[in-house]
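Student: Dumping the structure here so I can ask a few things about it.
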Amino acid sequence: MSLKVFELPLSAYVQKVKIALYEKGIPFDRVFIDPSEKGDGLEYQEFVLASPRREVPVLTDGATRLADSTVILEYLDERYPSPRLLPEAADERARVRMLEEMMDTEYEAVNWGISEVKVYERAPDEQAAKLLIRASLQLQRLWNRLERELEGRHWMNGREFGRGDVVVYPHIAGSQGLGYPLSDRHPRLMDWEKRVAGRSSVKRVLNESAEFLRGKRLEQGDEPPDGVRQYRDHRLEWMMKTGGADIIVEGLLRGTICFAQEYE
Ligand SMILES: N[C@@H](CCC(=O)N[C@@H](CS)C(=O)NCC(=O)O)C(=O)O
C-alpha cells in the first residue's frame, strides 16, 4: 500500500514532509484536509486516528500512522534511509535539530502573527502597524542567526543538502509570501534561498501550494478569510508579548480563534 500525506498545501509543516519525500523519491498520495472543519468520511476518520489534535501533516505508511512533521521526518530517515537527510556526525545532527526546533516554534510564530494581521486583518490600523514593526525586527534577528549558520557551510545541513535545509526553507518561503523578502543584508542566506528554490523537490511543493492559493482566491474574492485559527504555545506567546493580547480575547469571544481539539 502506498504512503499517504494528509495535507493543507500552505502549511510549512506539511511542506517539510513533502520536500523530504520528493528528495527521497518515495511515491505518495496527497489527501487534502482542512483541519478547521470537521469531516465525516473515512479519510477524515483516518486523519483523526493519526492526529488526535487534528493537525496536519499526517503520514500513513501501511498500518503506521504518524502526526507531527518532526516525528515524520525522523521516521522517513530511519525507514527509507537512502538518501539520508540528517548529517552523519552527532554534533551536526544536534545542530540541525536545534535549527528545526527554532524554525517550528520561534520563527513560525512570527509568520503566524504577520498573517493574523495582514491576511486575516485582525488588528485595527494603528495596532497592526505596531505589530508589523515588531515582527519585521524579529525576522531580521532570526535572519541574522540563519546567516551565521551559513558561515563556512554551503547548505544549512553542511556540505550536502539535507534536513537542515528542508526544515528552514518552508518558513523562509512563508515570510516571502507574506511580503518579507530577504535582502542583501543577508547575502549568504539570499544565495542559499535561491539554491534551495531551484531544487525540483522544492519547486514541486511550491507549485502545489500556489495551485491551492489560486483556488482560494477565486473562492474568497477580496474579503479577508473568515476561518477559525488554531492558537497554541508559541503562537499565543507571540501575540501576548508583541502587543496583541486583546486580539486573542476578541477572537475567543467571536469564535474565530480556537485551541487544539480535545480528545474524544
Ligand atoms: N507540531 C506540528 C504542528 C502542525 C500544525 O501546526 N499544523 C497546523 C497547520 S499549519 C494545523 O493543522 N492546525 C490545525 C488547525 O488549523 O485547526 C508539526 O510539526 O507537524
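The values are calculated or read from the model by the stated rules, or taken from the named source; none is laboratory data. This structure is a prediction, so every number in the text was calculated from the model and none was measured. Reconstructed Cβ throughout: ideal geometry from the backbone, glycine too, with neighbour counts over all protein chains shown. Just so you know, the surface numbers come from the protein's heavy atoms only, side chains and all, with ligands and any DNA or RNA stripped out. Shrake-Rupley method; radii C 1.70, N 1.55, O 1.52, S 1.80 Å.
Student: Looking only at segment 140-151, decide whether some residue is farther than 26 Å from Arg235 by Cβ and at pLDDT 95 or above. Talk me through it step by step, then tell me what you get.
Tutor: The first filter runs over segment 140-151 and keeps only residues farther than 26 Å from Arg235 by Cβ, leaving 150-151.
Those left that are additionally at pLDDT 95 or above: 150-151.
Yes; the residues of segment 140-151 include at least one that is farther than 26 Å from Arg235 by Cβ and at pLDDT 95 or above.
Student: What's the number of the only condition in (1) assigned to a helix (DSSP H, G or I); (2) more than 20 Å from Lys118 (Cβ to Cβ); (3) basic (Lys, Arg) that Arg185 fails to meet?
Tutor: (1)
Okay, residues lined up against (1) closer than 24 Å to Asn207 by Cβ; (2) more than 16 Å from the ligand (Cβ to nearest atom); (3) in contact (Cβ under 8 Å) with a residue 40 or more places away in the chain:
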| site | (1), (2), (3) |
| --- | --- |
| Ala50 | no, no, yes |
| Leu66 | no, no, no |
| Ser82 | no, yes, yes |
| Asp125 | no, yes, no |
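Student: Here's something else I'd like to know. With (1) touching a residue at least 60 places away in the same chain (Cβ under 8 Å); (2) in contact with a Leu (Cβ under 6 Å, 6 or more places away or on another chain) as the list, and Arg204 as the residue in question, which single condition is left unmet?
Tutor: With (1) touching a residue at least 60 places away in the same chain (Cβ under 8 Å); (2) in contact with a Leu (Cβ under 6 Å, 6 or more places away or on another chain) applied to Arg204, the lone miss is (2).
Student: Considering only helices (runs of 4 or more DSSP H) fully contained in segment 30-141, which possess at least 2 residues that are open to solvent by 50 Å² or more (accessible area, probe 1.4 Å)?
Tutor: Numbers: elements: 42-50, 69-79, 90-102, 108-118.
The qualifying helices (runs of 4 or more DSSP H) are 42-50, 69-79, 90-102.
Student: Among the candidates Arg188, Arg254, Arg204, single out the residue that is over 27 Å from Gly162 (Cα atoms), of a type in the set (Lys, Arg), away from the ligand (no atom under 16 Å from the Cβ) and open to solvent by 30 Å² or more (accessible area, probe 1.4 Å). Write out each step before concluding.
Tutor: Values: Arg188 fails: over 27 Å from Gly162 (Cα atoms); Arg204 fails: over 27 Å from Gly162 (Cα atoms).
None of the others qualify; the one that does is Arg254.
Student: Which of (1) within 14 Å of the ligand (Cβ to nearest atom); (2) open to solvent by 60 Å² or more (accessible area, probe 1.4 Å) does Arg195 not meet, given it meets every other one?
Tutor: (1)
Student: Within segment 5-22, take every residue that is open to solvent by 10 Å² or more (accessible area, probe 1.4 Å) and either among the aromatic types (Phe, Trp, Tyr) or not in a helix (DSSP H, G or I) (or both) and give me the one that is farthest from the ligand (Cβ to nearest atom). Talk me through it step by step, then tell me what you get.
Tutor: Kept after step one, since they are open to solvent by 10 Å² or more (accessible area, probe 1.4 Å), are these residues of segment 5-22: 8, 10-13, 15, 22.
Checking which are either among the aromatic types (Phe, Trp, Tyr) or not in a helix (DSSP H, G or I) (or both) leaves us with 8, 10-11, 13, 22.
On the way: Leu8: 6, Leu10: 8, Ser11: 4, Tyr13: 4, Tyr22: 18 Å.
Among residues in segment 5-22 that are open to solvent by 10 Å² or more (accessible area, probe 1.4 Å) and either among the aromatic types (Phe, Trp, Tyr) or not in a helix (DSSP H, G or I) (or both), the one farthest from the ligand (Cβ to nearest atom) is Tyr22.
Student: Additional query: Does segment 174-182 include one or more residues that are in a loop (DSSP other than H, G, I, E, B), surrounded by fewer than 17 Cβ atoms within 10 Å (Cβ to Cβ) and away from the ligand (no atom under 16 Å from the Cβ)?
Tutor: So far as segment 174-182 goes, yes, one or more of its residues are in a loop (DSSP other than H, G, I, E, B), surrounded by fewer than 17 Cβ atoms within 10 Å (Cβ to Cβ) and away from the ligand (no atom under 16 Å from the Cβ).
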